[in-house]
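The values are calculated or read from the model by the stated rules, or taken from the named source; none is laboratory data. All of these numbers come straight from a predicted model, not from anything done at the bench. All Cβ positions, glycine included, derive from the backbone under ideal geometry; neighbour counts span all protein chains shown.
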Ligand SMILES: NC(=O)c1ccc[n+]([C@@H]2O[C@H](COP(=O)([O-])OP(=O)(O)OC[C@H]3O[C@@H](n4cnc5c(N)ncnc54)[C@H](OP(=O)(O)O)[C@@H]3O)[C@@H](O)[C@H]2O)c1
């Protein structure tokens, strides 16, 4: 399979490139021109298309011929970067391609996601402060998600917990809804977030799903192992 990683130079992106290469996939990466050197380790094994991830022309060229597209939705600046990135992928991906996007738990799938008051307040304050300094537009990830849900394409939106670095612990477990007890530990290794994204490319059970993930060896995942919703 030929796979495109949109946002390949970031931490999540580089882990996804590595997992995809490990599976023998042909990899094309899109990243900002200034970040191309961050992909030096993979230079002779992947094709890099320099460009912002919402650059429609760069995305169009990069996704051509790809059976899978892995997209990092990052809400940088106040210019609808996440929704612009999602839209470029939705518009230009090959018909029938598997489209896997990343975001955080704060993006709801539907009204069965349950958030604590503290979580809601933290997101509200963070979003307000980030917008004030014009650094990040968290709400735009919600708009990106709305467009993905409405697309009718073969999408999966992977919703990550808080992330940490470290060795892989294996494929995270997931639930359809934030607030499920299996997710309570709220911790996933970034390398395993990437693993889940790449595995989703070939898991048709995840088409049209927005799995909220958590590390498989976290206390909440272990306590609820085998229950409906969370998958080992
Ligand atoms: N951080 C968390 O705790 C957390 C929690 C849950 C979910 N997530 C989700 O996980 C995914 C990856 O997040 P991450 O925190 O791990 O970050 P990351 O992998 O390092 O990715 C950040 C991305 O944003 C790009 N970027 C950075 N500054 C930018 C700017 N000023 N303008 C345009 N692009 C810029 C980076 O590209 P360059 O290489 O060009 O800088 C990179 O592609 C995201 O979808 C996020 O929503 C994160």
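For the range 129-148, what are the residues that are closer than 26 Å to residue 204 by Cα and either over 14 Å from the mean Cα position of the chain (by Cα) or without any contact (Cβ under 8 Å) to a residue 40 or more places away in the chain (or both)?
142, 143, 146, 147
Identify the single condition in (1) buried (at least 20 other Cβ atoms within 10 Å of the Cβ); (2) in contact (Cβ under 8 Å) with a residue 60 or more places away in the chain that residue 80 does not satisfy, given that it satisfies every other one.
(1)
Examine the range 90-102 for a residue that is closer than 20 Å to residue 63 by Cα, surrounded by fewer than 19 Cβ atoms within 10 Å (Cβ to Cβ), touching a strand residue (DSSP E or B) at 6+ places or on another chain (Cβ under 7 Å) and modelled with pLDDT of 95 or more, and state whether such a residue exists.
yes
Output the residues belonging to the range 131-144 that are surrounded by fewer than 23 Cβ atoms within 10 Å (Cβ to Cβ), part of a helix (DSSP H, G or I) and within 12 Å of the ligand (Cβ to nearest atom). Spell out the reasoning first.
Looking only at the range 131-144, we keep the residues that are surrounded by fewer than 23 Cβ atoms within 10 Å (Cβ to Cβ), and these are 131-139, 142-143.
Within this subset, residues satisfying the condition of being part of a helix (DSSP H, G or I) are 131-132, 139, 142-143.
142 - this is the single residue of the range 131-144 that is surrounded by fewer than 23 Cβ atoms within 10 Å (Cβ to Cβ), part of a helix (DSSP H, G or I) and within 12 Å of the ligand (Cβ to nearest atom).
Would you be able to say whether some residue in the range 118-133 is at pLDDT below 95 and touching a helix residue (DSSP H, G or I) at 6+ places or on another chain (Cβ under 9 Å)?
yes
Of the conditions (1) within 24 Å of residue 210 (Cβ to Cβ); (2) touching a strand residue (DSSP E or B) at 6+ places or on another chain (Cβ under 8 Å), residue 48 clears all except one; give me its number.
Answer for residue 48: the failing condition is (1).
In this structure, is residue 96 more than 14 Å from the chain's Cα centre (by Cα), over 18 Å from residue 138 (Cα atoms) and more than 13 Å from the ligand (Cβ to nearest atom)?
Details: more than 14 Å from the chain's Cα centre (by Cα): yes; over 18 Å from residue 138 (Cα atoms): yes; more than 13 Å from the ligand (Cβ to nearest atom): yes.
Against the criterion (more than 14 Å from the chain's Cα centre (by Cα), over 18 Å from residue 138 (Cα atoms) and more than 13 Å from the ligand (Cβ to nearest atom)), residue 96 qualifies.
Suppose the filter is crowded, with 16+ Cβ neighbours inside 10 Å and within 11 Å of the ligand (Cβ to nearest atom); does residue 163 pass it?
yes
Identify the single condition in (1) in contact (Cβ under 8 Å) with a residue 40 or more places away in the chain; (2) in a loop (DSSP other than H, G, I, E, B); (3) touching a strand residue (DSSP E or B) at 6+ places or on another chain (Cβ under 8 Å) that residue 170 does not satisfy, given that it satisfies every other one.
It is condition (3) that residue 170 fails.
Kindly check whether there is at least one residue in the range 173-181 that is within 21 Å of residue 74 (Cα to Cα), within 16 Å of the ligand (Cβ to nearest atom) and in contact with a strand residue (DSSP E or B) (Cβ under 6 Å, 6 or more places away or on another chain).
Within the range 173-181, one or more residues are within 21 Å of residue 74 (Cα to Cα), within 16 Å of the ligand (Cβ to nearest atom) and in contact with a strand residue (DSSP E or B) (Cβ under 6 Å, 6 or more places away or on another chain).
In the list 107, 158, which residue meets the criterion of being within 13 Å of the ligand (Cβ to nearest atom), surrounded by 13 or more Cβ atoms within 10 Å (Cβ to Cβ) and in a strand (DSSP E or B)? Full working, then the answer.
Values: 107 fails: in a strand (DSSP E or B).
Result: 158 is the single residue among 107, 158 that is within 13 Å of the ligand (Cβ to nearest atom), surrounded by 13 or more Cβ atoms within 10 Å (Cβ to Cβ) and in a strand (DSSP E or B).
Within the range 186-196, can one find any residue that is assigned to a loop (DSSP other than H, G, I, E, B) and either at pLDDT 95 or above or surrounded by fewer than 22 Cβ atoms within 10 Å (Cβ to Cβ) (or both)?
Yes - at least one qualifying residue is present in the range 186-196.
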